[in-house]
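Report on the structure given below.
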Amino acid sequence: LGLLYQEYRDKSTRQEIETRRLQDSQTDPEESSPSEETPSEAEPTSTTESKAPPQISLLRNSNSRFNLWQDLPEIRSSGVLSILQPDEIKLQEAMFELVTSEASYYKSLNLLVSHFMENERLKKILHPSEAHILFSNVLDVMAVSERFLLDLEQRVEENIVISDVCDIVYQHTVNHFSVYITYVSNQTYQERAYKQLLQDKPAFREVISQLELDPKCKGLSFSSFLILPFQRITRLKLLVQNILKKVEEKSDRENTALDAHKELETVVKACNEGVRKMSRTEQMISIQKKLEFKIKSVPIISHSRWLLKQGELQQMNGPKTSRTLRTKKLFREIYLFLFNDLLVICRQIPGDKYQVFDSAPRGLLRVEELEDQGQSLANVFILRLLENADDREASYMLKASSQSEMKRWMISLAPNRRTKFVSFTSRLVDCPQIQCVHPYVAQQPDELSLELADVLNILDKTDDGWIFGERLHDQERGWFPSSMGEEILNPKIRAQNLKECFRVHKSDDSQRRKLGSRNRQ
């Protein structure tokens, strides 16, 4: 608890990576059977209740450095560790981590407010409107975190064995966590305002640098404090998932964890959608201004449209039969804008403009990879428009700059095309997997940002170092460099990862089906 949340989170995720590495290196990893979780569940609770155990005052002690529930003096002296089954101890640790990480998060939020937001020098430099964009509703977020932490602390102090925390998570998510959606949706404007202030106001830059050097900040940047709420709400969902994997099946605690997870997932999706909506609208307006139509104009801006991929490809000149020719001008440049529902094919013209000469609905696109026919025709694929701007079928033979770029275009243009490996949704018994050991920030719309310890199914890979993956905890897909992760080689660990994930998401699917059935009735 002496750690700021950024330190706590980094330490926790790296520990998760090391644990998985250790498991992966074992030839016969220890497996826990669901039947082992149940037998002694009722006994230790009633035993410890009759002992009237001492209260745990960990959360009130800001200097405490305990990381594990079982390391607490109160736990060690109670004798409860000799009574509880190993699976129950793991569950206690998972619930305890949720509580202690919230305490660390609140500490970091408090520092953001007291050290940065309320700094008198900073207040004089910033116009109220600038301060509002920069800090948004962080005071509301901190108040929600404080109330949440107090309820969690009270639960921990009720009994030496924590009964549950997911019921508290559920109540707070439903009633209070909408403040996160407001804060995160402002992220695009927040980032832009921060960059602009650093550029336009030397006094602001100087004060921020001085504040960052304060020992309280432990070498962490101001921007790392600003992104805390988004990181926390995402991490909270994963912590509940971790609890859900450890509770006994078909129990009250499983139902409570499922309810909490479902509500958190709704908030996280709303946060993601809020960020995307802000940036997508501006991006669509910018693209619209650059397009000049040689064909019948197509309205680009729409609330339900966004950019998936854009970039230059080489189009082969001449008929398809001439693809064996070796001439310097065999290909010429074209530029593609691929949206979620539309493809626009252009040629770049002077003045940073693009002349549109063809288009087609995305659902009417087909792709086909050509076999390697030599260096000049390497990384070539055929794009078919079943119905183009002239209401006719059209074909384009296109060459990408690399194998990864070709595959990325093919998957983006025809997302239902079969990949090298089968996806998570197919419920495959085994599939190549990778865990993230270096965080990655997506540079293109078809890429996937990665957090430390993310586990992904590998759907496709290229010889030049790119992987197309599907993250297990949210089924988000995208490309990322293979150097960001380590492949999980142990088939039992891969199977265990899938089993845990199926448990979370199959339960969600089951609940949705039941709800749909009730609605129809």
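The values are calculated or read from the model by the stated rules, or taken from the named source; none is laboratory data. Small disclaimer: the values here were computed from a predicted structure and weren't measured. Here Cβ is always computed from backbone atoms with ideal geometry, including for glycine, and neighbour counts include all displayed protein chains. Ligands, DNA and RNA are excluded from the accessible area calculation, which covers all protein heavy atoms including side chains. Shrake-Rupley method; radii C 1.70, N 1.55, O 1.52, S 1.80 Å.
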So, counting K/R as plus one and D/E as minus one, what does the shell of residues with Cβ under 12 Å around Ile17 add up to? -3
Excluding Ile208 itself, what net charge comes from residues whose Cβ is under 15 Å from its Cβ, given Lys and Arg +1 and Asp and Glu -1? -1
Inter-probe distance in nm under a simple model that places probes 7 Å from Cα toward Cβ, at Ser304 and Ile227: 3.3
Rank-order 404-413, 116-125 by packing density, defined as the average count of other C-beta atoms within 10 Å over each peptide's residues, highest first. 404-413, 116-125
What ranking, highest mean first, results for peptides 172-184, 354-366 when packing means the other Cβ atoms within 10 Å averaged over each residue? 172-184, 354-366
Average projected area of the Cα convex hull of the range 202-257, in nm²? 5.3
Quote the accessible area belonging to Glu369 in square angstrom, nearest 10, computed with a 1.4 Å probe and with ligands, DNA and RNA left uncounted. 90
Based solely on C-alpha atoms, express the radius of gyration and the Dmax of the range 124-204 in angstrom. 17.9, 55
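Calculate, in whole percent, how much of the Cα-Cα pair population of the range 69-117 lies beyond 18 Å.
Working: 547 of 1176 pairs.
Result: 47 percent of Cα pairs exceed 18 Å.
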Kirkwood hydrodynamic radius over Cα pairs of the range 54-206, then Stokes diffusion coefficient at 10 °C and 1.306 mPa s, in µm²/s: 88
Using the heavy atoms of the protein chains and a 1.4 angstrom probe, tell me the accessible area per residue for the range 176-234 in square angstrom. 47
Average projected area [Cα convex hull, the range 149-249], square nanometres: 9.1
